[in-house]
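The values are calculated or read from the model by the stated rules, or taken from the named source; none is laboratory data. Every value quoted in this text rests on a predicted model; they were computed, and no experiment measured them. Glycine also receives a Cβ, built like all others from the backbone with ideal geometry; neighbour counts cover every protein chain displayed.
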Amino acid sequence: MRKTVDFLVIGSGIAGLSFALKAANFGKVCVVTKSQIDETATKYAQGGIAAVLYHPDTYEKHIRDTMIAGDELSDRKIVELTIKESTERVMELIEWGVNFDKTKTGKFALAKEGGHSEYRVLHHKDMTGKEIEEKLILAAQHNENIEILENHLAIEIITQHHLGINVSRRTPDLTCYGAYIYDPHKKKVRTVLSKITMMATGGIGTVYGNTTNPLVSTGDGIAMVYRAKGQVRGMEFVQFHPTSLYNPKESPSFLITEALRGAGAVLKAENGNEFMQKYDARGSLAPRDIVARAIDNEMKMSGREHVWLDAAKIKKHEIFDHFPTIYAKCLSIGIDITKDMIPVVPAAHYSCGGIITNEWGETTIRNLYASGECASTGLHGANRLASNSLLEALVFSHRACINAVNRFEYIPFCHDIPEWDTSGTVLNEEMVLITQSKKELQSILSNYVGIVRSNLRLQRASERLFLLYKETEELYKKSILNPEICELRNMINVGYLIINNAMDRKESRGLHYSLDYPEHRDVQQGMEDRL
Ligand code: FAD
Ligand code: SIN
């Protein structure tokens with residue numbers, strides 16, 4: 001069960017597929033994805049992709065908005081290069097067949113979202129991600145240099161550790177030789193040796209009980225790289241989207257795009273009064289961290305499980321033209337958004353932290369790149385500006401490809417890698433242990449490591465999580481491998497990183513708010529010291 005490939009890409013969202021399409025011009029690519037190819041966060045993106053296109057917008061304005069959202073932790077160099085490449089990358093998407101909405105005059109119709117000082121978000125109605133994902137899949141499926149393995153789960157990246165060498169986070173030349181991939185049809189682990197590996201496994205939302213993320217967002221890439229002794233940072237910065245549809249029967253939660261607020265929808269309390277002005281002069285379109293915290297506070301004060309979003313002032317034709325998915329979804333549960341208010345609640349949405357990369361997408365492990373939500377490039381700092389993540393994935397997959405294709409021909413395969421070791425494992429018939437532990441994990445993170453944190457809550461979360469960690473590691477060691485236990489293990493690793501990074505940050509900044517440290521630390525240090 002051994003395979004060799006020039007480029008191994010783990011994940012089939014915008015980061016994985018855009019890299020694969022470019023790398024395929026130079027060598028053989030294998031894309032592994034743990035569910036169906038289109039089951040990605042990318043597919044669910046609604047609002048759109050931010051890019052500078054027309055006057056009066058400028059790169060400087062977009063850079064400034066991104067820096068402000070990042071609350072002084074974004075890396076200016078990375079912000080500048082990302083924004084300055086935005087126009088070119090979006091044009092490339094259009095060349096791949098992606099359609100963005102246009103105005104009657106033929107210009108791209110641009111939307112505005114929280115924290116943006118200009119209209120600059122390209123979109124395809126309220127289903128931008130679906131349009132992008134479909135066109136990328138089509139292009140990948142027609143490319144004879146790309147092999148796609150659906151329902152294949154990457155379980156570990158391969159490093160010197162698998163040659164019996166002791167490695168640490170300080171090991172010089174820590175190198176990635178490929179990955180062990182679980183094939184569910186054969187119920188076997190395949191050894192895939194690659195010259196270059198691209199980690200593009202997306203986000204971590206499912207570690208929380210209430211999330212907008214699809215079930216595949218279990219933080220696998222971040223956990224795998226962390227276990228392999230690669231460097232990860234900024235995991236305390238979990239972005240909660242202020243407005244997911246309050247519908248306790250449904251999981252994951254359905255997103256109500258910020259673009260609806262950009263078009264005029266406003267947040268209201270139970271009594272029908274607007275409340276955002278109390279918290280920020282920008283009202284319902286203030287940056288997400290502020291809006292999410294304000295809603296959290298309103299809910300705590302009123303004792304209700306949601307607040308309201310009122311879109312009734314938006315013209316009906318605008319709702320039907322621009323927000324057909326949201327209109328239909330809400331109608332399916334008896335809410336007509338042209339006249340009824342929408343019950344909304346914050347939900348875990350985006351991980352600003354992740355695998356550390358440089359400006360070329362290189363991780364701290366040689367020959368391993370990361371792009372998309374699993375990466376921490378330095379763009380988002382302590383808080384992501386809306387619609388900057390699809391852009392970030394395109395920019396860094398592009399840059400990773402430029403860097404990798406210059407090197408891959410000189411990288412040898414490492415044929416000494418052993419097959420996956422299955423000795424001493426037995427069939428785990430206690431699936432309930434895994435599902436119950438997953439629920440416990442989600443409850444720990446939601447209750448103690450949510451929008452507002454404190455030392456006591458984090459300490460409690462850490463102690464509870466340690467018990468889960470010990471039980472799960474024991475079960476993992478003796479069980480025949482199955483995807484559920486691998487994902488649980490990854491989620492626990494991610495939970496540990498979020499809690500630990502949150503405990504280390506003795507201040508409130510961006511998405512991390514602590515009752516014990518409500519202020520910014522005033523010492524100005526470089527990003528490397530702060531994250
Ligand atoms: P994903 O698109 O999530 O793809 C990850 C891939 O990795 C999947 O194919 C998954 O199956 C695979 N995978 C994971 N683990 C493994 C494993 N162990 N083995 C094999 N495969 C694995 N951002 C914007 O910029 N604009 C928006 O309008 C916007 N709207 C959003 C709306 C919603 C509801 C959500 C959830 C997110 C939104 N975001 C938006 C964020 C954005 O969609 C994501 O950050 C982005 O799509 C991530 O792309 P990605 O390629 O990194 O990951
Ligand atoms: C949204 O449409 O509100 C989500 C945009 C994003 O997460 O960037």
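Computed quantities for the displayed model
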quantity	calculated
Test: residue in the stretch 254-276 that is of a type in the set (S, T, N, Q), in contact (Cβ under 8 Å) with a residue 24 or more places away in the chain and either more than 10 Å from ligand 1 (Cβ to nearest atom) or out of contact with any Gly (no Cβ under 9 Å at 6 or more places or on another chain) (or both)	no
Matching residues in the stretch 61-93 - criterion: being in a loop (DSSP other than H, G, I, E, B) and either without any contact (Cβ under 8 Å) to a residue 60 or more places away in the chain or not aliphatic (A, V, I, L, M) (or both)	Gly70, Asp71, Glu72, Ser74, Asp75, Glu85
Test: residue in the stretch 351-368 that is touching a residue at least 40 places away in the same chain (Cβ under 8 Å), farther than 30 Å from Phe323 by Cβ, away from ligand 1 (no atom under 16 Å from the Cβ) and not in a loop (DSSP other than H, G, I, E, B)	yes
Entirely in the stretch 412-531, the helices (runs of 4 or more DSSP H) that have 1 or more residues that are small (Gly, Ala, Ser)	431-448, 455-478, 483-504
Residue satisfying condition, being in a loop (DSSP other than H, G, I, E, B), in contact with a helix residue (DSSP H, G or I) (Cβ under 9 Å, 6 or more places away or on another chain), within 16 Å of ligand 2 (Cβ to nearest atom) and farther than 30 Å from Asn367 by Cα, within set Pro242, Pro252	Pro252
Odd one out for Ala69 among (1) of a type outside the set (Asp, Glu); (2) within 14 Å of Asn388 (Cα to Cα); (3) modelled with pLDDT of 95 or more	(3)
Set Asn500, Asn482, Asn455: member being modelled with pLDDT under 95 and polar (S, T, N, Q)	Asn482
Subset of the stretch 41-81 that is of a type in the set (Ser, Thr, Tyr) and within 14 Å of ligand 2 (Cβ to nearest atom) - its residue that is farthest from Leu245 (Cα to Cα)	Thr66
Any hit, the stretch 384-394, residues being under 20 Å from Leu497 (Cα atoms), touching a strand residue (DSSP E or B) at 6+ places or on another chain (Cβ under 7 Å) and among the basic types (Lys, Arg)	yes
Some residue of the stretch 163-175 being modelled with pLDDT of 95 or more and within 15 Å of ligand 1 (Cβ to nearest atom)	no
Among residues of the stretch 288-304, those that are more than 22 Å from Ala386 (Cα to Cα) and touching a helix residue (DSSP H, G or I) at 6+ places or on another chain (Cβ under 7 Å), counted	0
The listed residue being within 22 Å of Gly378 (Cβ to Cβ) and either under 15 Å from the mean Cα position of the chain (by Cα) or within 16 Å of ligand 2 (Cβ to nearest atom) (or both), out of Gly230, Gly221, Gly264	Gly221
Odd one out for Thr338 among (1) under 27 Å from Tyr208 (Cα atoms); (2) in contact with a helix residue (DSSP H, G or I) (Cβ under 6 Å, 6 or more places away or on another chain); (3) away from ligand 2 (no atom under 16 Å from the Cβ)	(1)
Residue match in the stretch 172-187 (condition: out of contact with any Leu (no Cβ under 8 Å at 6 or more places or on another chain), closer than 23 Å to Leu458 by Cβ and either basic (Lys, Arg) or crowded, with 24+ Cβ neighbours inside 10 Å (or both))	no
Tally of residues being within 14 Å of ligand 1 (Cβ to nearest atom), in a loop (DSSP other than H, G, I, E, B) and crowded, with 20+ Cβ neighbours inside 10 Å across the stretch 2-38	6
Qualifying positions in the stretch 206-262 - charged (D, E, K, R) and surrounded by fewer than 21 Cβ atoms within 10 Å (Cβ to Cβ)	Arg227, Lys229, Arg233, Lys249, Glu250
Given (1) at negative phi; (2) within 16 Å of ligand 1 (Cβ to nearest atom); (3) buried (at least 24 other Cβ atoms within 10 Å of the Cβ), index of the condition Lys329 fails	(3)
Qualifying positions in the stretch 1-17 - within 17 Å of the chain's Cα centre (by Cα) and among the hydrophobic types (A, V, I, L, M, F, W, C)	Val9, Ile10, Ile14, Ala15, Leu17
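Here is a yes/no grid of residues against (1) at negative phi; (2) within 15 Å of ligand 2 (Cβ to nearest atom); (3) at pLDDT 95 or above:
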{"site": "His349", "(1), (2), (3)": "yes, yes, yes"}
{"site": "Ala370", "(1), (2), (3)": "yes, no, yes"}
{"site": "Gly378", "(1), (2), (3)": "no, no, yes"}
{"site": "His398", "(1), (2), (3)": "yes, no, yes"}
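Okay, residues lined up against (1) within 19 Å of Val5 (Cα to Cα); (2) out of contact with any Lys or Arg (no Cβ under 6 Å at 6 or more places or on another chain); (3) assigned to a strand (DSSP E or B):
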{"position": "His162", "(1), (2), (3)": "yes, yes, no"}
{"position": "Ile165", "(1), (2), (3)": "no, yes, no"}
{"position": "Pro172", "(1), (2), (3)": "no, yes, no"}
{"position": "Ala179", "(1), (2), (3)": "yes, yes, yes"}
{"position": "Thr191", "(1), (2), (3)": "yes, no, yes"}
{"position": "Ser217", "(1), (2), (3)": "no, yes, no"}
{"position": "Ile222", "(1), (2), (3)": "no, yes, no"}
{"position": "Glu236", "(1), (2), (3)": "no, no, no"}
{"position": "Asn247", "(1), (2), (3)": "no, yes, no"}
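Let's see how each residue does on (1) within 12 Å of ligand 2 (Cβ to nearest atom); (2) loosely packed, with under 15 Cβ neighbours inside 10 Å; (3) without any contact (Cβ under 8 Å) to a residue 24 or more places away in the chain:
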residue	(1), (2), (3)
Thr103	no, yes, yes
Glu113	yes, no, no
His116	yes, no, no
Lys130	no, no, no
Leu136	no, no, no
